[in-house]
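Below you'll find the structure, written out as C-alpha cells, and then a few comments.
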Amino acid sequence: MKQTRTSMLFRFLRGSRRWFAAALLLGLLRSLCAMLNPRIIQYTVDSIIGGQNAPLPGGVRRLLERAGGVPWLRQHLWTIALAVVALALLGALCRYGFLLCTALAGEGFVRSMRSQTFSHIQGLPFSWHMEHQTGDIIQRCTTDIETVKNFLSDQLSSLVNCAITLIAALAFMYGVSPRLTLVILLTQPILLAYSAFFRKKIAGQFQQCDENEGELSTIVQENLTGVRVVRAFGRENYEQARFDVQNEKVTAAWVKLGVWLTAFWESNGFLTGAQSLFVLAAGVTMVVHGSMTVGALLAMVSYNTLAGQPIRQLGRIISEMSKAGVSIDRLYDIMSAQEERDSEDALTPPMNGDICFEHVNFSYPNCPQTLYDIHFTVKAGTTLGILGGTGSGKSTLMHLLDRLYDLPADCGRITVGGVDIAAMRRDWVRSHVGMVLQEPMLFSQTLAENIAMGTKDATLSDIREAARIACLDSSVDRFAKGYDTMVGERGVTLSGGQKQRAAIARMLLQKAPIMVFDDSLSAVDAETDAAIRAALREQMAEATCIQISHRVSTLMHADQILVLDHGRIAEMGTHQQLLERNGLYRQIYDVQLSISEEAEAE
Amino acid sequence: MKEHNRLPFFGLGFVVPYWKQYRGLAVAMVLCGLLGSVTDAMFPLFQRYAVNHFVGGKTLDTMGIFFAAYLVTLLLRALLNGSSAYLTNKMEVSLDFSIRRDVFAHLQELSLSYYNQNGVGYIHARVISDVDRIGGLCSWMLMNLIWEGSYLLYIIVIMLTICPPLGALLLLLMPIEAVFCFYFQHRLTRLGRQVREANSKVTADYNEGITGARTIKTLVAEGEMERRFDADAGEMYRTSVHMGRYRGGLRAVIDLTANLGLALILWRGGGMALNGVLAIGTLSAFTVYAINMTGSVQEVAEVLESLINAQVNIERVHTLLSQQPDVVDTPEVIARYGTSLQPKRENWEPLCGDVEFRDVTFHYPDGEEIILSHFDLKVPQGASVAIVGETGAGKSTLVNLVCRFFEPTEGAVLIDGRDARERSQLWLHSSIGYVLQTPHLFSGTVLENLRYGNPEATMEEIELACRRVCADQVIARMEHGYDSQVGEGGEMLSTGEKQLLSFARAILSDPRILILDEATSSVDTLTEQIIQQAISEVTRGRTSFIIAHRLSTIRGADTILMVKDGQIVERGRHSELMKRRGAYFRLYMRQFERETADRLLDKE
C-alpha cells in the first residue's frame, strides 16, 4: 500500500483520536472554569460589597431574583464560596480528565507507533536489514518515536491549551474593558517577538553545551574502553589533562548559557511585571475617574496574569516543532519500505520432495556476482555436503533456498518436489527448511524457550530430547537452573559451541523435512561434531540434509558432495568419486587428513 | 556491579566538602534567593495599596511615587532573582566540574580489576549522569527549596500581619495540600521508575528484533516476536497511563486547594468587607496569595521528593570514589620512582625485558577459583609466548599479570630478575606496548594517535615506523594524511587499518615488552599477509606475549600456553604439543581445516 507521511500518522493515531478530542474538550472546559473566577470576584466586590448593579448572565440573575436578590446574597455569602468551590471541583475534574486523556491519547499513540514499526520491521525483507545499520534503526524506533510522541501529546496539546487560554483571557478582558484590552493586545506581538529572539540565542547556546558535553562524554567513554591502552602506555597524565580541558569547556559553555537564560527569564519577568503595573495603574486611574468599577479592575489584573503565561510557552513550542518534523521523516523512511508480501495464490505444497537448483545465478545489489550457473539436485532423504571457503557463496545458496533473498527473473530457479519455491508462501518455505546458522542468535529468555522458539506446543520432554541429540544436555545439567536458565544479556553467556548446539536443538524441534547446517559446528571440536552427526543420522533418517563446512571429515559421509569455488561448482560427486578425480577436494582432503602424520613427523 | 554504601542524611554529607570549596558562591546564592523571594512576596501588597489608597480615597496624588516604587521593586526582583539564578547555575556547573574531575582522576588510579567487574556503560553513567544529577540537586533543587520555602514564610507573615483571621484560615489549607502533594509525588516517582524499566525492555526487544532478523526469519518467529513486543509495549502503556492518572490527581488537588482558598476568602473576607472591617484592596491581595501559596507548597513537596531520590546517585558516586585500587606502589617505591602523575624518571633504570613467573598462584579478587597454581615460566628477553584457547577461556590472565594490572596472590612476577612490585607501575607501563584485538584509537588525528605512546617522536621516526608495518599506505589513502581525523574510537577506519596504525603506535613507543591480542575476524588474503608481516616486524627483538589465533604466529612462538576453562592445560613448543594429541592438537586441527579450505579454494 502506498502511503504518505500524513496517512502514516493517521494510521498511528487510530484508536487514540477520540482521546485527543476528549483531551481538547476537557482542556477547553477547564480554561473556561478558570476564567469565571475573576468574574465572581468582580461581582462580589462590585455588587455585594460595593452595592453597585453589576451585570449578570440572564439565567443566574433570574435565579438570584427568585432567591431574594443581592440582599439575600449578603446574608448568605457562603453561596458565593459554594459557587467557587463547585466551579473548582468541575475545573479540577476537567484538569484530571484532561491529563488522563492526554496520557491515554499520547501513550496509545506511542504504543501503536511502536507496535506498528516493530511489526513492519519484522515484515521487511532480509535485504533491507542488511542494507541498514542496526544502531540507526533502533535510534529511530526509540528516540524518534519519543520525539514525535512528545510533540503530539505534550507540545501540541499545550499549544492548543495556550491558544485557548490566551484567546479566552483576552475575550473576557474585552468584556470587562475593551479599551485597556486593546492596549494590552498591542503589546503581545512585541513580547512574542522578544521571546522568539531570546529563544533563538538560547537554542544556539544549548546546542553548544550539548556538543561540548557530548565531547566530554566521548573522552570518558574512550578513556574507559581504552583503559588498557592508557595504562599500558602510562598515559594517565595526558588523559587527565585532556579531560580537564574539556571539562572546563563544558563548564564555561554552561555558565554562558546560564547568563543568557537568566537574562531572558528576568527581563521577561520585568516586562510582564511592567505590563501588570500598567494595567494596575491605568485601571486605578479609570476607577478614580469613574469609568471602571473596582471589581472590574481586579478582574482585569487577574486576566492579565492568566494571559501572561501562554505567551511565554508559545515560543518554546514553536522551536520544538521542527525537531518533530525531522523525526517523522526518519520514521517515514522505515514505514515506507516495502514489506515482504506473498501473492494471494501462493502455494503450500508438500516439502519432502527433491531439491533442485536449476542454473542459478545471483548477485547482491551493487555487488559483483556471487553465484554462477549453480545446477544440482538433492534427492529426497539424502545428504548433500557443500565444501567451500570463506566468501565462496555457500551461505548465499542457503539464503536463496530459505527465500531470505528472492531470485530475480531469468536467474534460474529453485524447486522442491518440482514446485518453484518462488511460487510458495515464504513462511511455508521457511518453516519447512530448518536452518542452523554459523553464528546463531539466542534470545534473552530461558534456554527452554529458546529451543522451543519456532515450534508451537513443544513439551519439555520434546525439548530435552532435542537437546540430547544436539549433545547439549550435559552442558545444561551444569547450569543451576537447567533449562530455565536465562540466556543472553540478563543471564548466562554461552560459549560459541554451546550456542551452536542450542541452535541445532532448536532446529531439530522444528522437525522440518529439509535441514541445513550452515557451518554450524565450526565452534565444536571434531569429536563432538561426529557424535552430533551420528545422533542426527539415526534420528532424522528421512529428512533431506544439506551440510556446509570447510571440514572434509564432516562432509565425507554425505551422499553427494559439492565443492564451491568463487561462486562456481568446481567439483561434484561422492567422496570416493571426488578422491579419484584428484582435484581440489582431493588436495584439501590430503592436507587436512595428513596433518596428524605431519605433526608427528615434526 | 557492587552494592553501594548507604549514607545518612540523603548522602548530603558527601557534598559538604564541595560546597566548602565554593563557600562564597554558596553564601551569595542563598542570600540573593532569600532577598529575591521578598520582592516577589511584595507585589500583592502594591495591589492592596493601589485599591485601598487610590480607589478608596478617590485620589491619584501619590501615583508617581507608587509607580516608581513598583518599578524599583520590579528591577530589584529582576536583579536579585537573576543573580541567584546565575549563581545557582554557576554552583551547579562548578559542582559538576569538581566532582567529575575527582571521579575521573580516581578512575585513572583504580586497578583494572574494577574495570573487569564493572562495565564501561556502568562506569560512564557514574561519571556523566550521576554527577549531573548531584550537581543539579545540590544547586537548583536546593535553591528552589530555599526560595519557595522563604517565599511561603514571607507570605505567611504578611498575611498574618495584614489580616490575622484570614491568614490563619489559609494557613490551615497548607498541611492538607502538602500531604496530598507528597502522596502523589511519591507515587509518581515510583511509577516513573517502572516506566523506565518497561522502556528498557521495549528497547531490548527492538534490539533483538532487529539484530536477530536472520534467525527470526529462518524460524518464522516473527509472530512470536511481535507478541512478546506487544506484551512489553502494553506493559509500558499501562504504567504510563497509570502515571497520567496520578499526574492528573496531583494537578487537580493543587487547583482545588487554590480555589478552596479563594472560596474561603470570598466567604469570610467578603463578610468582613461588608461589615467594613476589611478593605477591598486587602481582600484582593489575599486572592493572589491564596493561589501563589498552593504553587509553592507543591514545589516544596516536589523538591523534597527528588532530594530523597537523588540519594542513590550520591551513594553510587561515593562508592566509586571510596573504591581502593588493588594495585598500589609502596611508599618506598613512590619515594624513588615517583607517582604516575609526578614520575621521577631520572631514577628509573632501563628495562631489558626478561620476564619470569616464579611460583605464581593467582585468583581474581572477585573470584574464588584458583586460575594459576604454583606456575613457573621464564621468558628471556626477546622471546615470544603464544597463548591460545577458545574465546572466553581466560587467555588474558597472564597478560594482566605481566602488565601488573593484577598482582599474584602468591609468588611473584619478576621483571629483569626483580619483583615487579619493587618498581613503580609507570616504570613498567612505560616499557610495555599493547596492541588490542579490536585496536583502540582515540578520536583525534592520525598523528595524535601515533604519538600516543611517545609524544616526543619526530616526524622521521613516525614515517619510518609506519613504513615498517605498511601503515604508510593507509595514511596515504586518507584525505589529509597524518592530519586526518580518525573519528570516535577510530570509526573512520576499517579494523585492518586500525590494526596497522596501532602497530605503528606500538613501534614508536619502542617497548621492551609487547602484548598483542590478535584479531579473529577474517580479513581478505592480501590484508592478512600485510598484517602477518607487520606482526613479525613489531615483535622482532621484543619480549612478546601474544593471544594468538593465526597458525603462523602460533607456530613461530618460543612457548605455547594452551588455556582451557581459565587454566593452563598444556605448554610447550608446537611440535611437542602436536605429539601430545590433546586440547592444543584439537584446536590446531580445527583452525587448520578452516585455513586450508580458505587457502585452497580462494587462491587466485
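List of remarks:
- Charge tally in the Cβ shell below 12 Å around A:ALA467, where Lys, Arg are +1 and Asp, Glu are -1, A:ALA467 excluded: 0
- Extension reserve of the B:THR161-B:THR319 stretch, reckoned as 0.36 nm per residue once the Cα distance is removed: 51.9 nm
- With R₀ fixed at 35 Å, the C-beta to C-beta distance from A:SER291 to A:TYR194 puts the FRET efficiency at about 0.70.
- If you take the Cα centroid of segment A:531-583 and the Cα centroid of segment B:375-439, the two points sit 45 Å apart.
- In nm, spacing of pseudo-spin labels at A:ALA21 and B:ILE176 (7 Å Cα→C-beta vector): 3.8 nm
- Between the listed residues B:CYS163, B:GLN591, B:VAL288, the Cα displaced farthest toward the positive end of the dipole of the protein assembly as shown, a dipole computed from Cβ unit charges relative to the Cα centre, is found at B:CYS163.
- The protein assembly as shown, dipole about Cα centre (Lys/Arg Cβ +1, Asp/Glu Cβ -1), debye to the nearest 20: 5480 debye
- Cα-centre dipole for segment B:443-510 with unit charges at Cβ (Lys and Arg positive, Asp and Glu negative), debye to 20: 220 debye
- Ellipticity estimate at 222 nm from DSSP helix runs (n ≥ 4, -39,500 (n - 2.57)) divided over the protein assembly as shown, nearest 500: -20500 deg cm²/dmol
- When each of A:LYS256/B:LYS90; B:LYS378/B:LYS579; A:LYS379/A:LYS511; A:LYS249/A:LYS323; A:LYS149/B:LYS201; A:LYS200/A:LYS323 is checked by Cα-Cα distance, pairs over 21 Å: B:LYS378/B:LYS579; A:LYS249/A:LYS323
- Inter-centroid distance (Cα atoms) of segment B:33-99 relative to segment A:173-204, Å: 21 Å
- Placing unit charges on each Cβ (+1 for Lys and Arg, -1 for Asp and Glu) gives the protein assembly as shown a dipole about its Cα centre, and among B:GLY64, A:CYS471, B:TYR151 the Cα reaching farthest toward its positive end belongs to B:GLY64.
- Positive-end residue, the protein assembly as shown charge dipole about Cα centroid, Cβ charges, pick of A:VAL45, A:ALA480, A:ALA282: A:VAL45
- Placing a pseudo-label 7 Å from each Cα along the Cα-to-Cβ vector at B:ARG580 and A:ARG179 gives an inter-label distance of 10.6 nm.
- Applied to segment A:446-461, the Karplus parametrisation 6.51 cos²θ - 1.76 cosθ + 1.60 on θ = phi - 60° returns per-residue 3J(HN,Hα) values of 6, 4, 4, 4, 5, 5, 7, 5, x, 10, 7, 6, 7, 8, 4, 6 Hz, with x for Gly and Pro.
- The GluC sites (Glu not before Pro) of segment A:385-489 that meet both conditions, a loop assignment by DSSP and at most 14 other Cβ atoms within 10 Å of the site Cβ, are A:GLU489.
- Principal axis dimensions, the protein assembly as shown - Cα atoms, whole angstrom, descending: 121, 85, 54
- In terms of other Cβ atoms within 10 Å, B:LEU561, B:LEU266, A:LEU593 run from fewest to most in the order A:LEU593, B:LEU561, B:LEU266.
- Cα-based shape type of segment B:309-383, given that a ≥ b ≥ c are square roots of the gyration tensor eigenvalues and the cut on a/c is 1.5: oblate
- Estimated distance in nm for a label pair at B:THR361 and A:ALA535, the labels positioned 7 Å out from Cα along Cα-to-Cβ: 3.9 nm
- Neighbour counts of other Cβ atoms within 10 Å put A:LEU182, A:LEU64 in the fewest-to-most order A:LEU182, A:LEU64.
- Inter-part distance where segment B:238-302 and segment A:1-69 are each reduced to a Cα centre, Å: 19 Å
- Counted by Cβ distance under 9 Å from A:SER16, the other residues give a net charge of +3, where Lys and Arg count +1 and Asp and Glu count -1.
- Fewest neighbouring Cβ atoms within 10 Å first, the residues B:ARG100, A:ARG581, B:ARG542 line up as A:ARG581, B:ARG542, B:ARG100.
- Calculated FRET efficiency for the pair A:GLU211/A:GLN369, C-beta based, R₀ 51 Å, to 0.05: 0.70
- Computing FRET efficiency as 1/(1 + (r/R0)^6) for A:ASP345 and A:ARG568, where r is the C-beta to C-beta distance and R0 is 25 Å, gives about 0.10.
Rule-based calculations on the coordinates, nothing more; no lab input. Keep in mind that what you see is a predicted model, and the values were worked out from it rather than measured. Ideal geometry is used to build each Cβ from the backbone, glycine not excepted, and the neighbour counts take in all protein chains shown.
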